Structures are given as structure tokens and as C-alpha cells.
1. Could you give me the residue pairs with C-beta distances under 7 Å whose first residue belongs to region 131-160 and is closer than 21 Å to E38 by Cα, whose second residue is surrounded by 15 or more Cβ atoms within 10 Å (Cβ to Cβ) and aromatic (F, W, Y) wherever it lies, and which are 6+ apart or on separate chains?
2. Within region 120-130, how many residues turn out to be aliphatic (A, V, I, L, M) and either surrounded by 17 or more Cβ atoms within 10 Å (Cβ to Cβ) or assigned to a loop (DSSP other than H, G, I, E, B) (or both)?
3. Kindly indicate the residue of region 34-55 that is part of a loop (DSSP other than H, G, I, E, B) and closer than 21 Å to D102 by Cβ and also modelled with the lowest pLDDT among those meeting that condition.
4. Within region 91-107, does at least one residue satisfy the condition of being exposed (fewer than 14 other Cβ atoms within 10 Å of the Cβ), of a type in the set (A, V, I, L, M), in contact with a strand residue (DSSP E or B) (Cβ under 9 Å, 6 or more places away or on another chain) and at pLDDT below 95?
5. Between I113, I80, which is farther than 20 Å from I15 by Cα and either surrounded by 15 or more Cβ atoms within 10 Å (Cβ to Cβ) or among the β-branched types (V, I, T) (or both)?
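The values are calculated or read from the model by the stated rules, or taken from the named source; none is laboratory data. Every value quoted in this text rests on a predicted model; they were computed, and no experiment measured them. As a convention, Cβ positions derive from the backbone with ideal geometry for all residues, glycine included, and neighbour counts pool all protein chains shown.
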Amino acid sequence: MKSGLWPFFFTRMAISDQIELLVEAPIESLGYELVGVEYIKNGINTVLRLYIDAEQGIGIEDCERVSHQVSGILEVEDPISSAYALEVSSPGFDRPLFKERDFVRFTGNTVKIAMKLPIQGRRNFRGILQGFSDGDILVEVDGEIYELPLTKLSKAKIVA
């Protein structure tokens, strides 16, 4: 049975956003930052991937600790009705970027960005992250600054 955390408007949110609302505070209470959530449905295989981070870095024990905590919450709240695999991971060297704070924090890094829909005729951008302003990710590609709406982001990550 679902608790009071699931009002009607949750049903209109993306699964990854719903999961984030459920697990962010419990993960933070364990001393970790929830970097982002990926919900990947590929045919019959479904993966829920949580990226966590901490100042001292992330080890396997940290991932196990968060996985145990989150599994209980997800079992009670049941936001995903079908079978799925839960993965808890560190962001790694090719750190995914999800939120405004990520695009501010990693300004100056080389990034690879994929958009859901084309912006100025293209969906893929590789360049230097220039920051975030008024809901847009700013990235310089070949001397030109592109303003990419965060709401239209498919994927973004830091690259070497």
C-alpha cells in the first residue's frame, strides 16, 4: 500500500523524478549526495540506476549501504510496478550531469550533451561547459555558445 507521498500529481512526473523525491533525503541522511537517477527501460530489461557521491569518494560498501536503504523504501512505496534491477554507483570519471548545480559546479570541463530534440539543427554537443543561466546549459562548441534548455536534456556527462 502506498503512503501519503504519492498524490495524484506524482503520476504525471517521470519515474526518475518520482524516485528522486522518494530517496534523496534518506540518501543524504546516510551522508551521501544523490547525484542523479536513471530509469532505463529496454525491452523486458529495466534498470533503476542511482548515482551517489561523497567528499571521501564512494566504495562498494557505500553502494551496498545505500542500496539496502533504498530497496526498503522502494518496496514500501512501489513506484515501479514491473520487475527491475537496482544499481547504485559512483559517478565515475565520465560523471553524468543531471541538475543545475552540476552545470555550475563543473563549468570549464569538457562535456558531451545529448538533447531530446534538435537545437539549431543538432542534438549532440561536445564542448566546454560555460555554466548555467535562466534554465539553460551554456556550452561552447567550436567558438559558438549554445543555450540548451535543461528541460530538453536527454543526457550529459563530463568527458576527458
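1. If the second residue must be surrounded by 15 or more Cβ atoms within 10 Å (Cβ to Cβ) and aromatic (F, W, Y), the pairs left are I137/F103; L148/F125; I158/F106.
2. The first filter runs over region 120-130 and keeps only residues aliphatic (A, V, I, L, M), leaving 128-129.
Next, from what is left, pick out any that are either surrounded by 17 or more Cβ atoms within 10 Å (Cβ to Cβ) or assigned to a loop (DSSP other than H, G, I, E, B) (or both): 129.
Total meeting the criteria: 1.
3. Let us first name the residues in region 34-55 that are part of a loop (DSSP other than H, G, I, E, B), namely 43-44, 54-55.
Keeping just the survivors that are closer than 21 Å to D102 by Cβ gives 54-55.
Working: A54: 96, E55: 92.
So the residue we want is E55.
4. Taking every residue of region 91-107 in turn, none turns out to be exposed (fewer than 14 other Cβ atoms within 10 Å of the Cβ), of a type in the set (A, V, I, L, M), in contact with a strand residue (DSSP E or B) (Cβ under 9 Å, 6 or more places away or on another chain) and at pLDDT below 95.
5. Result: I113 is the single residue among I113, I80 that is farther than 20 Å from I15 by Cα and either surrounded by 15 or more Cβ atoms within 10 Å (Cβ to Cβ) or among the β-branched types (V, I, T) (or both).
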